[in-house]
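The values are calculated or read from the model by the stated rules, or taken from the named source; none is laboratory data. If you're wondering where the values come from, they're calculated on a predicted model, not measured in any experiment. Virtual Cβ from ideal backbone geometry, glycine too; neighbours counted across all protein chains shown.
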Amino acid sequence: MDPMVSPFSLSGKTILVTGASSGIGRAAAVECSKAGARVVLTARNRDRLQESLEMLSGEGHLVLPCDLDNAEEIAGLVADLPVLHGVINNAGFTKILPLQFIDEQSFKDILSVNTVAPVLLLRLLLKKKKLAAGSSVVFTSSLAALGRTTVGNGMYTASKGAVSAFVACAALELSKKGIRVNAVCPGMVDTGILSNGTISEEQLEKDKMNYPLGRYGKPEEIAWAMIYLLSDASSWVTGTNLIIDGGYSIR
Ligand SMILES: NC(=O)c1ccc[n+]([C@@H]2O[C@H](COP(=O)([O-])OP(=O)(O)OC[C@H]3O[C@@H](n4cnc5c(N)ncnc54)[C@H](OP(=O)(O)O)[C@@H]3O)[C@@H](O)[C@H]2O)c1
């Protein structure tokens with residue numbers, strides 16, 4: 001390792017970010033570019049991906065739109081990708097439904113995007129040799145996955161619980177290739193996911209009181225942890241679920 005280069009640098013690395021059209025994924029793309037990475041941005045919405053692209057530092061970044069709910073589109077994305085040194089599997093969504101109102105289609109939709117798609121994507125990246133030796137894969141899981149969940153969030157909690165459990169197995173299997181696999185588990189972060197009308201303003205204000213640091217997280221605060229996990233600074237870290245929650249889980 002060059003002593004003049006920070007181990008936290010992403011210089012020379014190409015990083016794929018899913019869900020890069022908003023929120024945590026957009027912040028991750030921006031912060032990775034500031035850390036020196038070439039970034040490949042994907043999501044469905046082309047206009048918002050373009051906005052993200054315009055926010056990046058440096059050059060050589062790519063936009064490759066993809067609906068991760070569609071296996072054929074995932075295959076097309078992988079075919080178009082350059083060789084990667086890191087992946088942020090971040091795209092996801094929630095739908096709040098009390099247990100009695102859970103319907104099969106909603107549950108399948110959440111599992112498809114939050115759980116199945118990142119696993120299929122990783123599988124194809126390996127099969128098509130798009131992950132360089134020494135790569136790092138980061139999943140955006142959730143505090144909910146570790147049992148700190150909320151009423152009505154069962155489908156989402158199950159989808160992220162599966163992701164957090166999967167990370168251990170993927171880390172074990174890919175260790176032979178020198179590929180590391182970790183997840184970040186954020187508490188509530190101020191993004192569009194909070195303003196989609198499923199959680200009332202009053203509920204949000206009450207919930208913030210549960211955070212010892214007195215506020216929700218900012219997307220950049222998750223991105224910085226992702227950079228650590230993508231960079232050589234975390235070269236002995238694999239199979240972890242890193243909690244980033246303003247102290248919520250110590251209460
Ligand atoms: N915000 C929080 O409090 C929080 C806490 C813990 C974990 N998380 C997790 O963090 C991740 C990012 O969430 P966020 O808060 O940043 O939400 P967000 O602003 O709504 O971003 C979600 C991203 O996922 C993409 N996406 C959704 N469905 C997709 C699909 N079918 N195909 C491709 N891309 C799709 C969206 O892009 P398009 O609409 O353009 O496709 C968007 O870029 C999610 O996995 C979420 O579960 C969030």
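One line per residue, one yes/no per condition, for (1) at pLDDT below 95; (2) under 23 Å from LYS108 (Cα atoms); (3) not polar (S, T, N, Q):
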| site | (1), (2), (3) |
| --- | --- |
| VAL151 | yes, yes, yes |
| ALA158 | no, yes, yes |
| LYS176 | no, no, yes |
| ILE193 | yes, yes, yes |
| ILE222 | no, no, yes |
| LEU229 | no, no, yes |
| TRP236 | no, no, yes |
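Mind checking which pairs have a first residue in region 135-159 that is without any contact (Cβ under 8 Å) to a residue 24 or more places away in the chain and part of a loop (DSSP other than H, G, I, E, B) and a second that is within 14 Å of the ligand (Cβ to nearest atom) and among the polar types (S, T, N, Q), Cβ under 7 Å, 6 or more apart or different chains?
That search, which allows pairs on different chains as well, returns THR149/THR157.
Please specify each residue of region 80-113 satisfying the condition of being part of a helix (DSSP H, G or I) and either within 16 Å of the ligand (Cβ to nearest atom) or in contact with a Leu (Cβ under 9 Å, 6 or more places away or on another chain) (or both).
Scanning region 80-113 gives ASP80, GLN105, SER106, PHE107, LYS108, ASP109, ILE110, LEU111, SER112, VAL113.
Residue by residue through region 1-47, note down the ones that are in contact with an Asp or Glu (Cβ under 7 Å, 6 or more places away or on another chain) and of a type in the set (Asp, Glu). Step through it out loud before you land on a result.
As a first pass, look at region 1-47 and keep what is in contact with an Asp or Glu (Cβ under 7 Å, 6 or more places away or on another chain): 1, 7, 27, 31, 44.
Of everything in region 1-47, just one residue is in contact with an Asp or Glu (Cβ under 7 Å, 6 or more places away or on another chain) and of a type in the set (Asp, Glu), namely GLU31.
Residues ALA171, ALA91, ALA133: which one is closer than 21 Å to ALA37 by Cα and crowded, with 18+ Cβ neighbours inside 10 Å?
Working: ALA171 fails: closer than 21 Å to ALA37 by Cα; ALA133 fails: crowded, with 18+ Cβ neighbours inside 10 Å.
From the options ALA171, ALA91, ALA133, the qualifying one is ALA91.
Considering LEU56, LEU77, which residue is of a type outside the set (Lys, Arg), assigned to a loop (DSSP other than H, G, I, E, B) and modelled with pLDDT of 95 or more?
LEU56
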